[in-house]
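The values are calculated or read from the model by the stated rules, or taken from the named source; none is laboratory data. Worth saying up front: this structure is predicted, and the values here are computed from it rather than measured. Don't worry about glycine lacking a Cβ; one is built from the backbone with ideal geometry, like all the others, and counts go over all protein chains shown.
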Amino acid sequence: MTDLIPDRTFPDREASNRESLGWNAWFAERATQQCGPADTAARVTSVDRGWLVLLNETGVFRAQLSGNLLHSARAPEARPCVGDWVCVSRSQSDSADGPASVLSVLERQTSLRRKAVGNAVVEQMIAANVDCVIILQSCLGDFNVKRLERYLTMVAEGGAEPWLLLTKTDLVSPEVLEAQIAEIRAAGIAAPVLTLSNVTRDGIDELQRKLVPGRTYCFVGSSGVGKSTLINALIGHAQQATKSVSGSGEGRHTTVRRELILLANGAMVIDNPGMREFGMIGAAEGLAGGGFADIAALAPQCKFNDCKHMSEPGCAVLAAVASGAIARGHYDNFVKLTQESQHPAARKSPRRRG
Ligand SMILES: Nc1nc2c(ncn2[C@@H]2O[C@H](COP(=O)(O)OP(=O)(O)OP(=O)(O)O)[C@@H](O)[C@H]2O)c(=O)[nH]1
Ligand SMILES: [Mg+2]
Ligand SMILES: [Zn+2]
């Protein structure tokens, strides 16, 4: 666990005070109600199951959920997520430099969460206390106004301000780009629209100038649209893992964990794994038909966003099969149809974890 604190959380700079991390009177008021006098408040920069990395004016430190919080916060959205302000106690740890203990999550000012509707509504927190959500779509292959509208609905429900950002402008003609912007406006979408290319760097300076110190910007969009490449450019040196550019500008899933990063200019950015759409099912599941809404609804909770629900660690679908929440026969049917749709010749039995 010693390598859990990534150096990239602090590119060359320390937070001088809590306000520069987004703290304000609203949180101060919650803290007087929710934190004890000996506790301190800190912001969550990453969550890896029970382990959190926190940041405040004293620096970066590790923490774990207190037993009480583990017990009381049963719903996933009640647990701390990236961007949350939490009350922490250091006294509950065994040693002075041991992990701090997270006692409670301060009420969120804004939240970004997605809903997946199947047999039950599953809600998943994406990030908390975000001022602005930057919705990325690639001009080539990814542009879709209906999907933009669904993202905008999600952002509006959580209370943050939306910006749209069309990426990979190097791969389309200026006419195509203009037509896409016209389509956005024709749909009545009034949010700011920015454009950029990570290859030519056209538009990166304009975006950088718009990022205000102390504010938090969350980057969302399908896998491969260039979120991490852009955040690398904003950081100024490559730290977020990305794959090399392919001829078509398409990428592979890379980012597996969301993370809040403090930029040198004082703005904070949150990188996200490429997003499955709000419980919309992936290509393989789509081919398998619409009878697996329950599986699609759980997919956003899987650890990997390209989870095939076969043998991956942290698979929410396999967990539901194991617990009996999804019938084994129904799951077997899903696997069979998925495999047949992918490899019509293959009839081998599915790999499963016990
Ligand atoms: N041509 C072109 N390629 C780009 C641009 N931005 C990113 N790419 C390439 O697109 C691929 C995916 O970029 P990433 O930054 O990893 O995409 P991402 O949105 O972080 O993807 P996930 O982490 O999977 O969500 C990589 O091969 C990048 O080099 C761009 O502006 N133009
Ligand atoms: Mg990425
Ligand atoms: Zn899965």
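Considering only residues in segment 299-331 that are modelled with pLDDT under 85, away from ligand 1 (no atom under 16 Å from the Cβ) and part of a helix (DSSP H, G or I), the one that is nearest to ARG258 (Cα to Cα) turns out to be HIS330.
Comparison of ARG147, ARG209, ARG185 shows that the only residue that is over 25 Å from ALA267 (Cα atoms) and exposed (fewer than 15 other Cβ atoms within 10 Å of the Cβ) is ARG185. Of all residues in segment 78-98, those satisfying the criterion of being at pLDDT 85 or above and either touching a Lys or Arg at 6+ places or on another chain (Cβ under 6 Å) or surrounded by fewer than 21 Cβ atoms within 10 Å (Cβ to Cβ) (or both) are ALA78, ARG79, VAL82, TRP85, SER89. For the structure I just gave you, tell me whether GLU175 is farther than 30 Å from GLU19 by Cβ, part of a helix (DSSP H, G or I) and in contact with a helix residue (DSSP H, G or I) (Cβ under 6 Å, 6 or more places away or on another chain). Judged against the criteria, GLU175 is not a match. Assessment of segment 18-26 against the conditions (modelled with pLDDT of 90 or more, within 16 Å of LEU106 (Cα to Cα) and assigned to a strand (DSSP E or B)) yields no matching residue. Against the list (1) at pLDDT below 90; (2) more than 20 Å from the chain's Cα centre (by Cα), the condition ASP48 fails is (2).
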